[in-house]
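Q: Can you keep this structure in mind? I'll have questions shortly.
The values are calculated or read from the model by the stated rules, or taken from the named source; none is laboratory data. Since the model is a prediction, treat every value here as computed from it, not as a measurement. Every residue, glycine as well, gets a Cβ built from its backbone with ideal geometry; the counts of neighbours run over all protein chains shown. Protein only, heavy atoms only, side chains kept; ligands, DNA and RNA dropped before computing areas. Shrake-Rupley method; radii C 1.70, N 1.55, O 1.52, S 1.80 Å.
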Amino acid sequence: MRWEHPWLLLLLAAIPLLFFVGLRPSARPAAVLWVRAGRWGAPLGAWLLRCVALLPWVALALAIAAAARPQQGIRQSETETRGVDIVLALDISPSMAAEDFRPLNRLHVAKETARDFVGQRPHDRIGLVAFAATSFTQCPLTLDHETLVSLIEGLNFGLAEDGTAIGMGLATAVQRLKESRTPSKVAVLLTDGENNRGAIDPLTSADLARALGVKVYTILVGRPSVETVTVDDPVRGRVQALMNVGVDERPLIEIARRTGGRFFRAGDASTLGGVYSEIDRLERAPIRSLVYREYRDLGLMVLGAAAAVLALFSLSLSTWAFRAP
């Protein structure tokens with residue numbers, strides 16, 4: 001609410017002065033007061049007459065307010081952001097079933113933290129790629145984060161052949177960002193294993209990402225584990241043995257280095273959540289909020305109210321409140 005000419009409201013201060021001047025007794029008081037002979041009785045009739053006497057002053061106050069042009073504002077806001085396009089590439093190979101995030105496995109925790117990450121970026125388009133021996137797009141870049149979260153929750157083992165094709169997963173993520181026109185394009189690659197499948201080498205995919213201006217953050221999730229493997233012994237023949245299985249993190253470090261991103265190692269659920277928070281902090285785009293106000297003039301409505309009050313005053317004087325000298 002605002003006034004176009006607020007200085008006119010100063011005239012309202014003159015109304016009480018004019019009112020008290022008008023209270024001076026008339027030189028010729030009324031000889032006949034029809035209302036006193038009416039059915040209301042003298043006390044009520046006198047009170048009604050005093051109300052009628054106030055009507056011109058109320059009309060004058062409304063007319064001054066109308067001249068000051070009261071306006072009602074309708075506020076509209078628009079958020080402008082340069083935005084960041086992000087594709088999450090998640091490893092869904094069988095090794096992600098390891099429960100070193102006890103009692104949850106790696107994939108479950110990875111999906112939970114990815115969902116939280118999406119919830120923190122309402123203004124960014126985010127897509128989802130999953131990979132094992134092959135890769136596929138689970139969700140293209142979208143602002144429909146509710147649908148994206150449901151697709152993240154739908155990721156599971158068995159959607160692709162066994163194996164870990166890191167290069168294929170990254171290449172698919174980069175492909176989803178190829179047509180993006182936003183200033184910032186980011187891929188987040190999460191895996192727990194070494195590249196052992198796929199037609200594209202991880203470093204080749206990194207070079208492709210760099211050529212297209214895509215920054216890659218790599219996350220090595222999980223801890224080194226002990227697995228049962230089958231080996232050929234020259235004396236005992238084929239036997240099973242326990243082997244410490246580590247992960248070669250050097251390709252992931254090199255991918256991040258070549259593309260201007262960063263490498264993270266997440267050994268537990270809290271660390272993985274912290275990694276996503278760090279990426280969220282590093283890839284914030286400036287957001288500018290524009291506010292518009294559209295005003296509707298209420299002056300005619302107030303002036304109409306003043307006219308209605310004057311009409312009521314005139315009608316009262318010509319009927320029940322008539323005074324004859």
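Q: Could you check the spin-label model distance between Phe157 and Leu298? Points 7 Å from the Cα along Cα→Cβ, value in nm.
A: 6.7
Q: What FRET efficiency comes out for Leu8 versus Gln120 if R0 is 41 angstrom and r is the Cβ-Cβ distance? Round to the nearest 0.05.
A: On the way: r = 51 Å, r/R0 = 1.24.
Efficiency, from the Cβ-Cβ distance: 0.20.
Q: Still on this structure, please answer the following. I'd like the accessible area for Ile15, computed on protein heavy atoms only with a 1.4 Å probe and all protein chains in place. Round to 10 Å², please.
A: Solvent-accessible area, nearest 10 Å²: 20 Å².
Q: May I ask you to order 62-69, 268-275 by the average number of other C-beta atoms within 10 Å around their residues, highest value first? Show your work: numbers first, answer last.
A: Values: 62-69: 19.0, 268-275: 17.1.
Highest mean packing first, the order is 62-69, 268-275.
Q: Quickly rank 127-139, 96-108 as a protection proxy: mean count of other C-beta atoms within 10 Å, highest first. Let's see the in-between values first.
A: On the way: 127-139: 22.0, 96-108: 17.3.
Packing order, densest peptide first, comes out as 127-139, 96-108.
Q: Hey, another quick one. Using Stokes-Einstein with the Kirkwood hydrodynamic radius over Cα pairs, what translational diffusion coefficient do you get for the range 161-213 at 20 °C and a viscosity of 1.002 mPa s, in µm²/s rounded to a whole number? Present the calculation step by step, with values, prior to reporting the outcome.
A: Values: Rh = 11.5 Å.
It diffuses with D of about 186 µm²/s by this estimate.
Q: May I pose another question? Work out from phi, with θ = phi - 60° and the Karplus expression 6.51 cos²θ - 1.76 cosθ + 1.60, the ³J(HN,Hα) of each residue of the range 130-145, listed in order in whole Hz, and give x for Gly and Pro.
A: 10, 8, 9, 6, 10, 10, 8, 8, 7, 7, x, 4, 8, 9, 7, 6
Q: While we're on this one: Please compute the length gained on full extension between Thr319 and Arg181, using 0.36 nm multiplied by the number of residues separating them and subtracting their Cα-Cα distance. Numbers along the way, then the final one.
A: Working: separation 138, 0.36 × 138 = 49.68 nm, distance 7.66 nm.
Extending this stretch completely gives an extra 42.0 nm.
Q: Separate question: Each residue of the range 108-121 in order: what ³J(HN,Hα) in whole Hz does its phi give by Karplus 6.51 cos²θ - 1.76 cosθ + 1.60, θ = phi - 60°, with x for Gly and Pro?
A: Calculated HN-Hα couplings, in order: 4, 5, 4, 5, 4, 5, 5, 4, 5, 4, 4, x, 8, 10 Hz.
Q: What residues have an amide H closer than 5 Å to that of Val87, excluding those fewer than 5 places away on the same chain, when H is modeled at 1.01 Å from N in the peptide plane?
A: HN-HN under 5 Å from Val87: Gly127, Val186, Ala187, Val188.
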